[in-house]
Amino acid sequence: MTTVGILGTIHNPELRERYHCSLSLYKDVIHEFKPDIICGEVHPQSWLRYLKDKNDRGYWGEPASEYWDLIFPLCEAQNITFVPIDWFELDVWNAFDPFNGYSSEERKELEQRDDHWFAKQMETYRFGEIPFNSNEFDSVTKQKYEWLYQVNPKAQNFRWVVRNQIMIQRVKNTVEAHPEKRILCIIGADHNYIFQEDLLKEQVELLYPLR
């Protein structure tokens, strides 16, 4: 049976150090899992740009720093196949800002509530052996995105629901194309809960959290 693991990461280096989820921890977890394939939160176009020029850092800070500093070099050193699974459309992304249509005063209040949700997520770092890979983190995160859906269903459907559907489908395509392999999904930790919910329905051995 194909084995699929989920490793949720924090993209910001300062936050990784503050909350004890350094790249060295991620590296150890990846080594323990022993993946044949890594499905990473990288846009396919960014991956192609990287293959042509390994100094090309893409756009909007994408891919995240853990790919440049850890995952890409690790895949090359250990001959791990990398599959980019992210999805977004740059030309229309800003049109789906979740706080569009609100007054400046309302936006400020919504941004403060969003910051409050983020703080609640960060408070869960003590749970589990891998910070932000826990039921406690996933529960708060799911509530956060349910709130965002209430704020702006159209934006949330585009930026979160559809995006995750496409990302997960790319994982499913990888599972179908590579039976009996060990496939590790490395994604921003916010995606953990939705990946777990969907991939539990598949005929795979799903491992999450990885410790």
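The values are calculated or read from the model by the stated rules, or taken from the named source; none is laboratory data. Predicted model only: the values in this text are computed from it and were never measured. We place every Cβ from the backbone using ideal geometry, glycine too, and count neighbours over all the protein chains shown. We work out accessible area using only protein heavy atoms, side chains counted, and drop any ligands, DNA or RNA first. Shrake-Rupley method; radii C 1.70, N 1.55, O 1.52, S 1.80 Å.
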Note to self: Go through region 122-140 and report how many residues are open to solvent by less than 40 Å² (accessible area, probe 1.4 Å) and in contact (Cβ under 8 Å) with a residue 40 or more places away in the chain.
What the structure shows: 8
Margin query: I'd like to check something: does region 184-203 contain any residue that is part of a loop (DSSP other than H, G, I, E, B), modelled with pLDDT of 95 or more, among the polar types (S, T, N, Q) and over 30 Å from residue 102 (Cβ atoms)?
Written below: yes
Check: Out of region 64-88, which residues are more than 16 Å from the chain's Cα centre (by Cα) and either within 18 Å of residue 177 (Cβ to Cβ) or acidic (Asp, Glu) (or both)?
Finding: 69, 75, 76, 79, 80, 81
Check: Has region 98-118 got at least one residue that is open to solvent by 90 Å² or more (accessible area, probe 1.4 Å), more than 19 Å from the chain's Cα centre (by Cα) and modelled with pLDDT under 95?
Finding: no
Item checked: region 168-181 residues that are modelled with pLDDT under 95, paired with ones that are loosely packed, with under 15 Cβ neighbours inside 10 Å and of a type outside the set (Lys, Arg) (beta carbon under 7 Å, 6 or more apart) -> none
Next item on the list: Among the residues of region 141-167, write down those that are of a type in the set (A, V, I, L, M) and either without any contact (Cβ under 8 Å) to a residue 12 or more places away in the chain or surrounded by fewer than 18 Cβ atoms within 10 Å (Cβ to Cβ) (or both).
Entry: 151, 161, 162, 166
Check: All but one of (1) among the polar types (S, T, N, Q); (2) assigned to a loop (DSSP other than H, G, I, E, B); (3) closer than 30 Å to residue 183 by Cα hold for residue 46; which doesn't?
Finding: (2)
Note to self: Taking the criterion of being in contact with a Pro (Cβ under 7 Å, 6 or more places away or on another chain) and surrounded by fewer than 22 Cβ atoms within 10 Å (Cβ to Cβ), would at least one residue in region 30-45 satisfy it?
What the structure shows: yes
Margin query: Quick check on my filter: what residues within region 1-27 are loosely packed, with under 14 Cβ neighbours inside 10 Å and in a helix (DSSP H, G or I)?
Written below: 14, 17, 18, 24
Check: residue 179 fails exactly one of the following numbered conditions: (1) more than 21 Å from residue 115 (Cα to Cα); (2) touching a Phe, Trp or Tyr at 6+ places or on another chain (Cβ under 9 Å). What is the number of that condition?
Finding: (2)
Check: Filtering region 48-67 down to residues that are surrounded by fewer than 20 Cβ atoms within 10 Å (Cβ to Cβ) and either basic (Lys, Arg) or touching a Phe, Trp or Tyr at 6+ places or on another chain (Cβ under 9 Å) (or both), which residue is nearest to residue 188 (Cα to Cα)?
Finding: 62
Next item on the list: Scan region 28-43 for residues that are in a strand (DSSP E or B) and within 29 Å of residue 118 (Cα to Cα) and report the count.
Entry: 3
